[in-house]
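First the structure, in the form of C-alpha cells, and then the observations on it.
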Amino acid sequence: MRRNELRSLNLPIADELGKRAGTRPRVRPLDCAPYAVAGIVPKLVFSPRTLREASKTITTIAAEGASITIRGAGTKHLRPPHPYDVDVVLDSTRCSGVLEHTPADLTVTVAAGTRFTALQEALRASGQFFPSDPPFAADTTIGGMLSSRVAGALRQRYGAPRGNVLGMRVCLSDGSIAFTGARVVKSVAGYDIAKLFVGAWGTLGFIGHVTLKVAPIPREQLGIVASFARCETACDAALRLASSPLFPLATTLHDRASAHRIRALSGTEPGAHWTLIVRCGGTRAGATRQADGVADIVKSSGSSNVDLLDADRLHFAWQDIAELAGGAMYPGSHYVCCTVASLPSQVGAVLTSLSALFPDANCTSHPATGIVYAHLPVAAMEQPSSRTLSSQLQPLLDLCEREHYYLSYLAAPAGSAVRAPVSADAPILLMRRVKASLDPSGTFDPGRFMAGI
C-alpha cells in the first residue's frame, strides 16, 4: 500500500490509523475540503488529540511513503510556493490547552494547537502575557505562529517570538518524540535545537508542546500618533526614537492607504501621507514620561500633527495595526503579501522604491527592526497581456537583489507560480543537511521550504 493507493478515495489506511491512534481520520472529499492548502484538497485529514496520537499517525503515514502537511488554523495556507498535491493534512487544533504555568518563573508550557487568544486569556489572570502581536490574532495557533516566524511590532521591545521559546516537545518523521531546550529561563544545556523549528513552516517535524517565556502586562499604555508629509522625515523620527533612552514598546509606520484601515485613527489628520504610531508602556508615571518624550522627538523631527491615544483607543487601534502586517486585512486571494527586510536605516528607501514600483500597494513597516510589509492588489497588477503574476513581480525581485534586501512572500492567490528568490549567501547546503537529519524520509511538506527543500 503505497502513495498510489493512498490517493484513491477508498483509503484502507484510514482503518489502520483509526485502530492505532484511536480517532478515525476524515477521508471524504467534502470533509477534507475545509483543510485545503492553496486550493488543493488533501486525500486524508487527521486531527490528533495528543502528541502520542500524532506520533502514531506520522509513523503510519511515513511508512506509506506519503507526505504530510501540518496545519493549524489555516490562516497561512496561501503561503508560496503552493503545493502541487497534498496527501495528508495533520490538523493540530485539537492538540490544545495550557499544560503548565509558573507565574513566578515567567514561563508557560502550552500545546501547539492552542489559539493565541486562549493563551493570552489564561495568562491575563496572573497579570502576564506572551509578548507578541501576530496577525490573524483571533484564529492563529501557537504552533502556527512559531512555525511561520511571524513577529509583530512588539518585537522592538520584547524581541522576536523565537527568542522567547525556551523548549519544545516535537515529533519527528520516524514517530519519535523528542524534547529540546529547557523549561526554565536560564539554561545552557546543549544546543538550542528548538530554534530550528521556529520559521521552518512545519517542514522538520510536528510541534506538540512549547515552553515560552512570558512578560508582565504593562500597568499603563499610551500611544502617540504623528503625521508626516514625507517618508524620509518619518523614518528619521523613528530612528531617533529607536536610539533614544525612551525604549518604547513598538513603533509602526503606515502609508495613507494602510493608515486609513486603522479605524481608531478616524480623528487624526486626514491629509497625512505617512503616519507614525508609537506604543508606550510601563508604570503609570513611566508611560506618561515616555509619551511626552516621544511627542517631543516627533515634533522636533517635523511632524505636522501629534495625537495622544489613551489605553482604550490604543487597544482598539492595535488590533487593526497587527492585521496590517500580512494579516486578515489583506486576504491572499486578492493580494500578494510580502515582507522586505533591510537595515533600519534603509526603510525609507525601501518604502520609496515600493511606492514607485507599485503605486497601488499598501505599505506598513516596523522601522526600528527594518521590516516592511507590502500588500500588492492583484487586480491592479493584472493587465491584458501575456505576462504572468510572477513576471509582474520581477521588478521587486530585481530591486531586492540589487540593494541586498531580503524578500519573502506571505501569501499569493491560489494557482499562482510565485516563489521567493534564494539569496546567493543562503546556507542551502547546511539547510539540506538539517532537513535530511531531522526528516530523512522527506515526509513533512517536501519542496515547500527555501530552495525547494
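The values are calculated or read from the model by the stated rules, or taken from the named source; none is laboratory data. Just so it is clear, the model here is predicted, and its values are computed rather than measured. Virtual Cβ from ideal backbone geometry, glycine too; neighbours counted across all protein chains shown. We work out accessible area using only protein heavy atoms, side chains counted, and drop any ligands, DNA or RNA first. Shrake-Rupley method; radii C 1.70, N 1.55, O 1.52, S 1.80 Å.
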Can you find a residue in region 105-121 that is acidic (Asp, Glu), without any contact (Cβ under 8 Å) to a residue 40 or more places away in the chain and either buried (at least 17 other Cβ atoms within 10 Å of the Cβ) or closer than 26 Å to Ala325 by Cβ (or both)?
yes
Just give me the residues in region 114-143 being touching a Phe, Trp or Tyr at 6+ places or on another chain (Cβ under 7 Å) and more than 23 Å from Met329 (Cβ to Cβ), in sequence order.
Leu123
Given the condition more than 18 Å from the chain's Cα centre (by Cα) and assigned to a helix (DSSP H, G or I), answer yes or no: does some residue in region 326-339 qualify?
no
Do you know which residues across region 176-203 are surrounded by 16 or more Cβ atoms within 10 Å (Cβ to Cβ), farther than 27 Å from Ile371 by Cβ and modelled with pLDDT of 90 or more?
Ile177
Leu172 being farther than 29 Å from Gly370 by Cβ, in contact with a Leu (Cβ under 8 Å, 6 or more places away or on another chain) and not aromatic (Phe, Trp, Tyr)
yes
Which of the following residues is in contact (Cβ under 8 Å) with a residue 40 or more places away in the chain, open to solvent by less than 60 Å² (accessible area, probe 1.4 Å) and of a type in the set (Ser, Thr, Tyr): Ser148, Ser132?
Ser148
Residue count, region 395-419, condition hydrophobic (A, V, I, L, M, F, W, C) and touching a helix residue (DSSP H, G or I) at 6+ places or on another chain (Cβ under 7 Å), comes to 5
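Name the residue, out of Val88, Val108, Val41, that is more than 23 Å from Leu438 (Cα to Cα), of a type in the set (Val, Ile, Thr), in contact with a helix residue (DSSP H, G or I) (Cβ under 6 Å, 6 or more places away or on another chain) and modelled with pLDDT of 90 or more.
Numbers: Val88 fails: more than 23 Å from Leu438 (Cα to Cα); Val108 fails: in contact with a helix residue (DSSP H, G or I) (Cβ under 6 Å, 6 or more places away or on another chain).
Only one candidate passes the filter, namely Val41.
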Members of region 90-104 found to be closer than 25 Å to Ala66 by Cβ and open to solvent by less than 60 Å² (accessible area, probe 1.4 Å), listed by number
Leu90, Asp91, Ser92, Thr93, Cys95
Could you please find all residues in region 324-338 being buried (at least 22 other Cβ atoms within 10 Å of the Cβ) and not aromatic (Phe, Trp, Tyr)?
Leu324, Ala325, Gly326, Gly327, Gly332, Val336, Cys337, Cys338
Mind checking which helices (runs of 4 or more DSSP H) fall wholly inside region 349-446 and carry at least 2 residues that are within 19 Å of Ala257 (Cβ to Cβ)?
378-381
All but one of (1) open to solvent by 30 Å² or more (accessible area, probe 1.4 Å); (2) in contact with a Ser or Thr (Cβ under 9 Å, 6 or more places away or on another chain); (3) more than 26 Å from Phe358 (Cβ to Cβ) hold for Ala285; state the number of the condition that does not hold.
(2)
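Could you list, in sequence order, all residues of region 291-312 that are of a type in the set (Gly, Ala, Ser) and either within 18 Å of Arg240 (Cβ to Cβ) or at pLDDT 95 or above (or both)?
Hits for region 291-312 are Ala291, Gly293, Ala295, Ser300, Ser301, Gly302, Ser303, Ser304.
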Regarding Ile70, is this residue among the aliphatic types (A, V, I, L, M), under 23 Å from the mean Cα position of the chain (by Cα), at pLDDT 90 or above and not in a loop (DSSP other than H, G, I, E, B)?
yes
Quick check, is Met381 of a type outside the set (S, T, N, Q), modelled with pLDDT under 80 and either open to solvent by less than 70 Å² (accessible area, probe 1.4 Å) or closer than 28 Å to Ile61 by Cβ (or both)?
yes
Out of Ala424, Ala436, I need the residue that is open to solvent by 40 Å² or more (accessible area, probe 1.4 Å), over 26 Å from His334 (Cα atoms) and modelled with pLDDT under 80. Which one?
Ala424
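Residues are listed down the side, and each one gets a yes or a no for (1) open to solvent by 10 Å² or more (accessible area, probe 1.4 Å); (2) closer than 25 Å to Thr93 by Cβ; (3) in contact (Cβ under 8 Å) with a residue 12 or more places away in the chain:
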{"position": "Val210", "(1), (2), (3)": "no, yes, yes"}
{"position": "Ala226", "(1), (2), (3)": "no, no, yes"}
{"position": "Ala229", "(1), (2), (3)": "yes, no, yes"}
{"position": "Ala234", "(1), (2), (3)": "no, no, yes"}
